[in-house]
1. Under the condition of being modelled with pLDDT of 90 or more and surrounded by fewer than 16 Cβ atoms within 10 Å (Cβ to Cβ), which residue from the range 66-80 is nearest to residue 12 (Cα to Cα)?
2. Quick check: is even one residue across the range 24-44 within 14 Å of residue 84 (Cα to Cα) and more than 9 Å from the chain's Cα centre (by Cα)?
3. In this structure, is residue 58 free of Cβ contacts under 8 Å to residues at least 40 places away in the same chain and touching a strand residue (DSSP E or B) at 6+ places or on another chain (Cβ under 7 Å)?
4. Please work out if residue 9 is modelled with pLDDT of 90 or more, more than 15 Å from the chain's Cα centre (by Cα), assigned to a helix (DSSP H, G or I) and surrounded by 13 or more Cβ atoms within 10 Å (Cβ to Cβ).
5. Select, from 16, 53, the only residue that is surrounded by 13 or more Cβ atoms within 10 Å (Cβ to Cβ), under 26 Å from residue 97 (Cβ atoms) and in contact (Cβ under 8 Å) with a residue 12 or more places away in the chain.
6. Taking the options 132, 95, name whichever one is more than 23 Å from residue 31 (Cβ to Cβ) and in contact with a strand residue (DSSP E or B) (Cβ under 8 Å, 6 or more places away or on another chain).
7. Taking the stated definitions as given, is residue 93 modelled with pLDDT of 90 or more, over 21 Å from residue 130 (Cα atoms), surrounded by fewer than 19 Cβ atoms within 10 Å (Cβ to Cβ) and under 19 Å from the mean Cα position of the chain (by Cα)?
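The values are calculated or read from the model by the stated rules, or taken from the named source; none is laboratory data. These numbers come from a predicted model, not from an experiment. Every residue, glycine among them, receives a Cβ derived from its backbone with ideal geometry; neighbour counts consider all protein chains shown.
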């Protein structure tokens, strides 16, 4: 059973690391946008999408931290889902729009759309969350 605890701790640390890194990247993008450089699409003519995604990644980071601290109950899942669902939908819509040509995602210096990267990060975090949740359910 110790190996399952070790694996769960490792997954939680990876989750915290990946989500905190993603939040940092989106924070820098949001800061540029709020500083006057149009870097993000705007939702409902008022809210930059990168600010919404920043809040989502912060919530996901908090949920991973709670899982790492072995918080009991549904709150880690509720916080994870609250952050994951909007970010995933925005990344999915942005990626689909990029593929079909009706949306423009912010791009890296090489021109690769960041919504693709966000979508891959979110899928990896969802898989990690599911595996970690199943490991936490197993009692020692």
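1. Quick first cut of the range 66-80, residues modelled with pLDDT of 90 or more only: 66-69, 74-80.
Then drop every residue that is not surrounded by fewer than 16 Cβ atoms within 10 Å (Cβ to Cβ), which leaves 69, 74-75, 77-78.
Values: 69: 9, 74: 16, 75: 16, 77: 13, 78: 16 Å.
Result: 69.
2. No.
3. no
4. yes
5. 53
6. 95
7. Answer is yes for this residue.
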